[in-house]
Every structure is written in structure tokens, then in C-alpha cells.
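The values are calculated or read from the model by the stated rules, or taken from the named source; none is laboratory data. Predicted model, so just to flag it, every value in this text is computed and none were measured. Please note: Cβ atoms are built from the backbone with ideal geometry, for glycine as well, and neighbour counts cover all protein chains shown. Heads up: the accessible areas ignore ligands, DNA and RNA and are worked out on the full protein's heavy atoms, side chains in. Shrake-Rupley method; radii C 1.70, N 1.55, O 1.52, S 1.80 Å.
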Amino acid sequence: MSYLDVEAITKHFGATCVARGVGFSLEKGDIGVLLGPSGCGKTTLLRMIAGFESPDGGAIHLDGRALWREGRGLAAEARHIGMVFQDYALFPHLTVWENIAFGMSGVSRKEMKATITELLLVTGLKGVEKRYPHEISGGQQQRVALARAIAPKPRCLLMDEPFSNLDVTLRESLSAEVRDIIKRFGITALMVTHNQHEAFAMADRIGVMMAGDILQWDTPEGLYHAPENLDVARFIGEGSLIAGTLTPDGDVDCSLGLFTGMAEAEPGEAKRVHVFVRPEAVRVAPSHAPARARLEASCFRGPGRSCLFRLPGGEGVKVASHDRCGLTEGSSYGLCVAEEGLSLFLEAGGRVSR
Amino acid sequence: MNACDAHGRGARSIGLFQRVPVSGGLVLALGVAVVVGLPIFLVMTSLFADTHGIWDHLRENLLAGLLANTAVLSLGVLGLTAFFGVSAAYLTALCEFPGRRFFSWALLLPLAIPTYVMAFVYTGLLDFSGPVATFLRQHLPAAAPFMPPIRSTGGVILVLSLALYPYVFLLSAGGFASQGERILEASRSLGLSQRHLFFRVLLPMARPFIFGGLILVLMETLADFGAVAVFNFDTFTTAIYKAWFGFFSIDAASQLASLLVVMALMVLTAEGWSRRRMRYFKGRDGRSAIRVRLTGHCALGATLFLGGLFAVAFAIPMIQLIAWVVEAWREELHMGYGALFSHSLLLAGGGALLTLMVALALAFAGRTSPGWLMASLSRLSLLGYALPGTVLAVGMVRVLSGFDHMAAGFLGVFGVALSGPLLQGTVWVMPVAYMVRFLSVGFNAISSSLGRVSPSMDEAARTMGVGKWALMRRVHLPLIRRGMITGSILVFIDIMKEMPLTLMTRPFGWDTLAVKIFELTSEGEWERAAIPAVALVAAGLIPVVLLVWQKEKVNR
Ligand SMILES: Nc1ncnc2c1ncn2[C@@H]1O[C@H](COP(=O)(O)OP(=O)(O)O)[C@@H](O)[C@H]1O
Ligand SMILES: [Mg+2]
């Protein structure tokens with residue numbers, strides 16, 4: 001059994017189903033992220049782990065102990081799970097120091113002082129410990145919330161959209177910082193977000209969640225390069241979908257060219273498939289390339305250009321071009337595709353394995 | 001797994017492990033709702049009771065007059081308070097002229113003067129034997145016959161309006177001020193002149209707020225007992241008092257009261273409606289509107305008008321009161337004011353304490369077990385503020401006599417005979433009566449500060465292993481301390497000023513300042529009534545000053 005084990009959790013609010021047999025597991029010391037569009041049930045799942053909602057079915061184990069099993073659960077205050085709330089939920093009548101010390105019971109004064117001092121140092125809050133929450137900035141409040149959750153040495157840390165109240169520039173720098181802090185204390189953490197940049201910046205494991213279900217639980221790389229179904233592929237990063245045919249030999253024919261050995265040979269009819277191409281897998285090539293397309297739009301993105309090409313059949317292809325020399329809109333170019341950057345999906349959405 | 005099967009089972013069985021705050025809060029709220037609801041219910045049922053002809057007598061001789069008086073009084077007071085309140089609010093919120101800052105808070109001060117004090121000051125001042133009339137007869141005999149009599153319908157309306165216009169002023173000033181600069185600029189750019197702006201934009205947008213203030217005025221007018229009693233102007237409240245203490249018919253009093261309850265409930269419905277509208281209209285777009293600078297005649301007119309209003313509604317009554325106190329205090333001071341003060345403080349303190357505790361319990365119950373049942377129970381519990389004190393007094397007496405009856409019957413079974421009533425006419429029921437009447441005042445103060453404690457703070461504390469009681473002690477109580485203090489001050493002062501409820505439920509000998517004022521004014525002893533009145537006004541100034549401070553803080 002893994003450190004945090006969530007099995008087949010179901011949950012309804014009235015007639016709406018917000019968890020349909022969700023399951024995943026997290027190893028000790030890892031940071032997991034639940035990523036999904038708003039309203040898919042992430043917060044509810046997190047609150048069930050924290051003990052604020054009760055699942056209708058399923059089981060949750062943490063460090064070998066049952067938090068929830070067979071319709072019974074441990075009270076939230078007995079679970080030893082730290083939580084960082086979306087609105088931080090700092091106590092306005094307590095100073096930064098007192099907020100951090102709030103949950104630390106059963107430790108000596110000396111130990112408490114040492115822990116808090118270390119936390120203040122690590123979170124860069126040294127010097128503001130005597131201030132009240134309304135006297136510090138949003139980013140600082142966020143770190144106080146984190147320090148407060150870590151201070152009682154929880155078995156696991158939960159974070160619900162911890163960066164959503166911050167402005168975009170702060171989000172990026174803070175997410176890397178928060179990952180460092182969590183790793184430094186060796187805490188197992190689970191975060192919830194709808195922002196994939198945050199997810200990639202934080203996670204060892206990411207679960208893509210949609211409509212109350214985890215579609216794929218994987219490493220960030222696995223998620224990006226080997227999405228298990230069409231929904232995940234479309235949700236994570238960018239890409240283009242092109243119609244193609246899978247022959248019984250395992251070759252794929254589509255308007256980007258013929259790719260051999262894409263699947264195991266399987267006797268039978270040729271099948272229609274979706275070919276999914278990441279922008280960086282496509283290169284603008286000399287004109288003798290297998291596919292030609294007209295440049296419809298291009299937009300400067302700093303490190304390169306983001307281009308939209310139109311194939312003769314009418315399908316669009318997004319391409320990340322790194323050429324400094326300009327491409328003219330309206331002209332035709334050759335496109336060359338790296339085979340590893342392709343994913344195949346059946347009509348029903350499932351992945352075709354190689 | 002069949003998810004639908006599992007649904008619901010989990011929710012119930014969580015109780016085995018976790019303390020789920022299901023019934024405790026609801027049971028408590030139910031208890032409070034019964035205490036508040038029972039008097040109202042008994043008053044309402046009395047509509048059909050048999051009163052041995054007294055009711056018929058009342059109906060034939062009085063009812064039409066009472067209804068007409070109530071209608072005239074209400075309409076007159078509404079019209080006059082709307083005029084005073086809205087014009088003062090418009091001038092102080094959206095114009096600039098000499099004295100504006102002063103008037104923006106000073107015009108709230110009359111809130112500290114109870115209506116009955118305002119009433120007796122003006123009757124004393126303007127009566128036939130008063131100083132003004134005497135002066136006129138001596139020095140300007142030609143003008144004397146033209147002085148309008150103060151003891152008239154117009155007089156009551158004027159006096160009540162002077163005491164009550166601050167409600168309209170306060171709310172509509174808020175309404176005017178919340179109309180941001182953007183919307184005014186937009187209107188100007190659409191070509192509206194200042195006058196059109198007022199009638200087509202400002203007034204319609206402030207209408208829900210003005211309406212809210214007028215509803216409060218109407219509630220106070222319907223409930224008023226002391227002022228109309230001074231003027232011998234018969235309304236339902238005085239009729240209830242007379243039916244009970246004159247005819248000794250609690251049934252006839254209840255039947256009159258039930259009519260008043262119907263009116264109060266109608267006003268309450270209107271109030272709920274207006275509150276919803278106010279929320280809808282609360283659209284600030286950052287900066288508040290730039291004030292229009294008045295010049296020349298306009299500025300002078302504004303200053304004089306508001307100065308006159310301030311003089312008539314606050315300065316003159318205060319000067320007159322103080323003059324009377326100076327005249328009377330030597331003879332009066334040995335007359336046992338100690339007992340009056342201590343009774344007032346004791347009752348107000350006890351009532352405020354009880355109200356505070358019930359309000360706290362109700363607020364926490366609402367937090368721990370929310371839901372529609374809880375919401376409707378607490379709405380019922382807060383109904384008391386719409387009920388005139390006379391009605392509540394009648395209702396309480398009915399509840400208590402019913403209870404004593406049952407208790408006597410029950411004890412009789414065991415052969416125990418009671419020498420007198422257990423509860424009725426004892427001092428112990430007074431704090432309960434006050435609690436019923438003023439629960440909403442305390443509750444609003446507490447629940448608005450408790451509302452600022454977000455649910456996630458509770459959850460944060462629980463993830464850190466903090467239990468329910470520790471949560472209350474370490475998080476909730478420190479955060480709502482100010483609300484608790486404000487709430488109890490407000491309730492304390494409201495109880496001090498409350499006249500009919502005290503008058504009709506007090507046991508023999510438990511006179512308070514308000515009761516003393518009633519007794520002295522019914523004998524025309526204005527000078528002597530001024531001493532307790534000044535004490536009440538001084539106490540009443542405390543919440544008004546708090547209010548002004550709050551307002552200034554928001555403005556800055
Ligand atoms: N206490 C509740 N009662 C009823 N419905 C709820 C409750 N909490 C959440 N929901 C519903 O469950 C769904 C999932 O909500 P949530 O878990 O907050 O999604 P997310 O955090 O992914 O945005 C939403 O449709 C929401 O309206
Ligand atoms: Mg959420």
C-alpha cells in the first residue's frame with residue numbers, strides 16, 4: 001500500500017455526481033497535483049481527504065491508517081492533515097507568529113520557537129512575524145498559510161488552489177518556492193489546481209480530473225508525451241488533431257504523411273483514428289517534405305513563433321517554429337513531423353499503444 | 001460500485017466517529033422561537049375570544065377613530081420625515097456649503113431623544129401655559145391667538161417626525177453616497193441637467209434606501225406609546241393600555257393588539273422586500289460622487305434650513321431639558337432617584353445579558369447547523385423588533401397566566417396549593433420580555449461580526465487538531481468581541497428607553513426612569529420629568545456617537 005491511498009471514492013450532492021470511483025495513490029515525500037477544469041470535483045475530493053465531507057463509498061488510507069473506510073471516518077481534527085485554503089483563512093486577530101503557532105500543541109516552548117523561527121526563515125517571512133495578516137502582502141499571507149499548515153508536522157499537506165488569489169507573475173515564482181519548501185521538509189502533499197503551469201511547476205505526479213473522475217494519473221512527462229486518451233491530450237498543452245487511417249499492418253496514413261510501425265499489426269479492417277500532434281514535433285522543412293501547407297497565421301512568442309498552417313484537406317496544424325528568419329503568411333511550406341511526437345487515438349477516445 | 005446505493009449511508013454513519021452538530025443547535029433555536037412565537041400566537045388567537053361585550057363596545061365606539069388616527073398619524077409622519085430626511089441627506093451627501101460636515105453628523109443626534117421626551121418637551125414649551133405662549137400674551141397680545149395649538153394632530157405629527165427623521169436621513173444619505181462618480185458622469189455626458197439628474201437618476205437610485213428608512217419610521221410610529229400618550233392622541237397602543245388598565249380586560253387588549261400585529265407583519269414584509277432591493281442597488285464604483293458646490297442664496301438657504309432643523313430637533317429640546325433640570329434638581333434629588341436608577345440599570349443589565357447570551361447561542365447554532373429550518377426558526381426568533389411593546393406585554397401576560405394556570409393545576413394533583421402566581425407579575429419575566437423585543441438588535445451585531453469569520457477558518461483550525469470548544473474560545477470569541485460589546489450596549493440602552501413593555505409587565509414598585517417619565521408627564525410635571533429624561537438622552541447619545549464614528553471612518 002502506498003503512503004496516501006485513495007480508492008474508488010464516490011460522492012453525490014443530491015442528484016449531481018462529483019466523484020465516480022476516483023482512485024490514486026501517492027508515495028511518501030511526493031507532491032501530487034489534481035488538475036482539472038473548474039467544477040470537476042477537485043475541491044470536494046480534497047475536502048473528503050481532509051475530513052470535511054464524507055464520501056458515499058470507497059476508502060482513504062494515510063500511512064497505513066484508515067481515514068475513511070466502510071462508511072466511517074476519522075474526524076478532521078484527528079487526521080493530522082495540514083491544509084492551505086484558497087482564501088488562506090488566516091486568523092485576523094492573531095499575528096503572523098501566533099497564526100503559525102496556532103496548531104502546535106504538545107511541544108515545548110523551545111521546540112516551538114525553533115520550528116517557527118526555521119519556518120519564518122525558509123518562507124522568507126522573517127521580520128514580519130509581529131504583524132497582523134492585513135498588514136502583509138498577498139504573497140506573504142500565502143506563505144503564512146503554508147507555514148501554519150506545516151508547523152504542526154502534518155502527515156500530509158493539502159492545498160486547494162493555493163495560488164489563485166495571487167497575480168500571475170507572483171504565481172510562477174511562488175510555486176517553485178513552495179515546492180522547494182515542501183521538499184525541504186519532506187512533506188507528502190496534494191494540491192488542486194485548474195492551471196497546468198502551476199501543476200507542472202509543483203508536481204511529481206499529476207492526475208487529470210474531469211467530471212468527477214481521474215482520467216490519467218502519471219508523471220508530468222508521461223501526461224504530456226503519452227496522454228492516455230483524447231480528453232487528456234486536448235486538456236494538457238497544445239496540439240492539433242488530424243484524421244487518419246490505421247492499416248492492419250500498423251501504419252498510419254494521414255495528410256501529414258505516411259508513418260510506419262505506429263501500432264502492432266492486427267489483422268482486420270483499416271480503422272479510422274485521430275492523429276494528435278504536438279506543435280514542437282512539427283518542423284517547417286524544405287519544400288520536398290512529405291506534406292505541404294499554407295501558413296495562415298503566425299504570432300511572435302519570444303522563444304519562437306506560434307504558427308497555424310492549413311493543410312490542403314482543410315485541417316489546421318499548430319507549429320512551434322524556432323526559425324529566426326521570417327515566414328510569410330499566405331505562402332506554402334513543407335512540414336516535417338517527428339514520429340515520437342505523435343499520439344494515436346481511436347474514434348472512441350482510447351489510446352492506440354505502439 | 002453502485003454509487004447511488006452508497007449515497008446517504010455514509011452521511012449518516014459518520015456520526016459514529018465524528019461529532020456532527022446536528023440537533024443541539026436546532027433544538028436551541030426551536031426553544032428561542034417558541035419563547036418568541038408563543039406570545040404572538042396567543043395574541044393572534046385572541047381575535048376570536050369572547051370578551052363579554054367589551055369588544056363590541058370598543059368596536060362600535062373606538063375602532064373607526066383608532067384606525068383613522070393611526071392612518072393620519074402614519075401618513076403625516078411618513079411625509080414629514082421623508083421631506084426632512086431626504087432633503088438633509090441630499091444636501092449633506094451631494095452638495096457643498098458652509099456647515100455641511102457638521103450637519104452630516106449633527107443631524108443624527110435626535111436619534112438619542114426618545115419620542116416621548118421630544119413630546120413632553122414640546123408640549124411643555126408650547127402649551128398654553130408654557131413659556132412661549134406666556135411670552136406672547138405678555139409682549140405681543142395681537143399675535144397670541146394665531147399660535148397653533150401644540151396638542152393637535154399636527155403637533156403629534158411634527159414631534160414624532162422630529163424624533164424619527166434621522167432614520168430616513170441616515171439610510172438615504174448612504175443611498176446617495178453609494179452612487180459613484182462614474183454614473184453621475186455618465187448621466188451628465190448624456191446631457192442631464194442638475195435638476196433632471198436629481199429626479200431621473202439620484203432619487204430613483206436612492207429610492208430603496210429612502211424606502212428602508214421610511215419603513216423603520218413606520219414601525220416606530222405604529223409602536224409608539226409614550227409620545228401619543230403625552231398628546232392624549234388615541235392610537236392602538238394607548239387603546240391597548242386603556243383596555244387593560246381601564247377596563248381590566250386582557251381579552252379586549254389582546255384583540256386590539258392582534259390588529260396591531262397584523263399591521264406590524266405587513267410592515268415587516270415590506271421591510272424584507274426593501275432590504276433585498278437595497279442589496280441589489282448597492283453598486284459602488286470606487287470613488288464617491290464629487291459634491292456640487294452651492295453658492296450665494298442656495299448655500300445660505302441650505303445652511304439656514306439644516307440649521308433650523310438641527311435647532312428644532314435637537315438644540316432647543318436639549319436646552320429646554322437642561323433648563324428644567326437646573327430649575328428642579330434641588331427639590332427633586334432627595335426624592336429617591338437612587339432606586340429609579342438602580343432599577344433601570346438592573347433591568348437593562350439583566351435584559352442585555354440575557355439577550356446577549358441568547359443571541360450568541362442563536363448565532364452559533366446558525367453557524368453549526370445551517371439549513372432552511374434553521375433560517376426560518378431564527379427569522380421567527382427575531383420578529384420581536386417589529387412588535388410594539390404594548391402588544392408584546394399583552395402576549396407575555398397571556399403566556400404567563402396560561403403557564404401559571406397549568407402549573408397550579410399540575411401541582412394541585414399532588415395536593416400543593418400555590419399562594420399566588422408563579423411567574424406572572426414577577427420581575428424575572430422582564431428580562432425575557434426585553435430579550436424577545438430586542439433579540440434582533442443583539443443578534444445582528446453578533447452575527448455580522450461572526451459572518452466575517454469565514455468557514456474556512458473553522459476548517460483550518462480543525463485540520464490543526466483544534467476541537468469545537470477550543471475553536472470557539474480561541475477563534476470565534478476574540479473575533480466577535482467587538483460585536484458583542486456593541487450589541488449589548490445597544491440592547492442596554494434600548495431597554496432603558498423602553499416604556500410600554502416596562503410599564504405593563506413590571507411588578508409593583510419596580511419603577512424605572514422611563515416609567516417615571518410616563519407618570520410625571522401624565523400629570524403635566526415637565527420640569528420634574530426632565531431629570532430622568534436627561535439621563536436617558538445621555539445614555540442614548542452613546543450609540544449615536546458610535547454610529548457617527550463608524551460613518552466618519554467609512555467616509556475617510
Ligand atoms: N456543498 C455542496 N452542495 C452541493 N453541491 C456542491 C457542494 N460543493 C460542491 N458542489 C458541486 O459539486 C461540483 C464540484 O465542485 P468542486 O469540488 O468545488 O469543483 P472544483 O473544485 O473542481 O471547481 C460543482 O458542480 C459544485 O456546484
Ligand atoms: Mg475548487
Completion exercise
Percent antiparallel among DSSP beta bridges confined to the protein assembly as shown, rounded to 5, stands at 75 percent
Exercise for the section: Please work out the ratio of the alpha-carbon Rg of the protein assembly as shown to 2.2 N^0.38 Å and round it to two decimals. Expected result: 1.27
Practice task
Take every Cα pair under 8 Å in chain B that's 6+ residues apart, average their separations, divide by the length, and report that relative contact order as a whole percent.
Solution key: 23 percent
Exercise for the section: Positive end of the charge dipole of chain B (Lys, Arg +1 and Asp, Glu -1 on Cβ, about the Cα centre): tell me which of B:V475, B:V537, B:S419 has its Cα farthest that way. Expected result: B:V475
Handout entry: Cα-centre dipole for the protein assembly as shown with unit charges at Cβ (Lys and Arg positive, Asp and Glu negative), debye to 20
Key = 1600 debye
Exercise for the section: Starting from the Cα of A:L241, step 7 Å along the direction of its Cβ; do the same at B:F247; then give the gap between the two resulting points in nm. Expected result: 8.2 nm
Fill in the blank from the handout: Two pseudo-spin positions, 7 Å from Cα along C-beta at B:V27 and at B:S448, lie apart in nanometres by 3.3 nm
Problem - Farthest toward positive dipole pole in the range A:134-199 [+1 Lys/Arg, -1 Asp/Glu at C-beta], among A:G138, A:P154, A:T169 - result: A:P154
Handout entry: the range B:506-556 and the range A:1-63: distance between their alpha carbon centers, rounded to Å
Key = 60 Å
Practice task
Provide the percentage of antiparallel DSSP beta bridges, counting only those with both residues in the range A:4-234; round to the nearest 5.
Solution key: 60 percent
Handout entry: Per residue accessible area of the range B:382-518, 1.4 Å probe, in Å²
Key = 41 Å²
Problem - Length added when fully stretched, B:M205-B:E331, from 0.36 nm per residue minus Cα-Cα - result: 39.9 nm
Handout entry: Over chain B: helical MRE at 222 nm, DSSP H runs n ≥ 4 each giving -39500 (n - 2.57), nearest 500
Key = -23500 deg cm²/dmol
Exercise for the section: For helix A:138-150, report the angle its Cα long axis makes with the longest principal axis of the Cα atoms of chain A; keep it between 0 and 90° and round to the nearest 10°. Expected result: 70 degrees
Exercise for the section: For the range B:440-467 and the range A:267-293, write down the distance between their C-alpha centroids in whole Å. Expected result: 59 Å
Practice task
For every other residue with a beta carbon closer than 9 angstrom to the beta carbon of A:V84, add +1 if it is Lys or Arg and -1 if Asp or Glu, then tell me the sum.
Solution key: 0
Exercise for the section: Ignoring everything but the protein chains, give the 1.4 Å probe accessible area of B:F403 in square angstrom, nearest 10. Expected result: 90 Å²
Practice task
Give the residue from B:G301, B:L140, B:M435 lying farthest towards the positive end of the charge dipole for the protein assembly as shown; charges sit on Cβ (+1 for Lys and Arg, -1 for Asp and Glu) and the dipole is referred to the Cα centre.
Solution key: B:L140
Problem - Accessible surface buried once A binds B (1.4 Å probe; total of both sides; Å²) - result: 2800 Å²
Completion exercise
Given unit charges at Cβ for Lys, Arg (+) and Asp, Glu (-), the dipole magnitude of chain A about its Cα centre in debye, nearest 20, is 1120 debye
Exercise for the section: Along each of the three principal axes of the Cα atoms of the range A:238-346, give the extent in whole Å, ordering the values from largest to smallest. Expected result: 47, 23, 20
Exercise for the section: Quickly work out the B:V262-to-B:F403 label distance, labels modelled 7 Å from Cα along the C-beta direction, and quote it in nm with one decimal. Expected result: 2.9 nm
Handout entry: Set of lysines with alpha-carbon distance to A:K318 below 29 Å, sequence-local pairs under 8 removed
Key = A:K271
Exercise for the section: Give the long-range amide H neighbours of A:G250: residues separated by 5 or more places, or on another chain, with amide H under 5 Å away, using H modelled in the peptide plane at 1.01 Å from N. Expected result: A:E266
Problem - the range A:238-346, relative contact order in percent, only Cα pairs under 8 angstrom and at least six apart counted - result: 30 percent
Fill in the blank from the handout: Using a 1.4 Å probe on heavy atoms of the protein chains only, the accessible area for A:R131 in Å², nearest 10, reads 100 Å²
Handout entry: At most 14 other Cβ within 10 Å, DSSP loop - trypsin sites (Lys or Arg not before Pro), the range B:437-539
Key = B:R452
Practice task
Could you pull the accessible area for B:F414 with a 1.4 Å probe, rounded to 10 Å²?
Solution key: 140 Å²
Completion exercise
Given a 1.4 Å probe, the accessible area of the range A:238-346 per residue, as a whole number of Å², is 52 Å²
Problem - Contact order relative to length of the range A:4-234, as percent, for alpha carbon pairs under 8 angstrom and 6 or more apart - result: 28 percent
Handout entry: Solvent exposure ordering (accessible area, 1.4 Å, most first) of A:H80, A:H197
Key = A:H197, A:H80
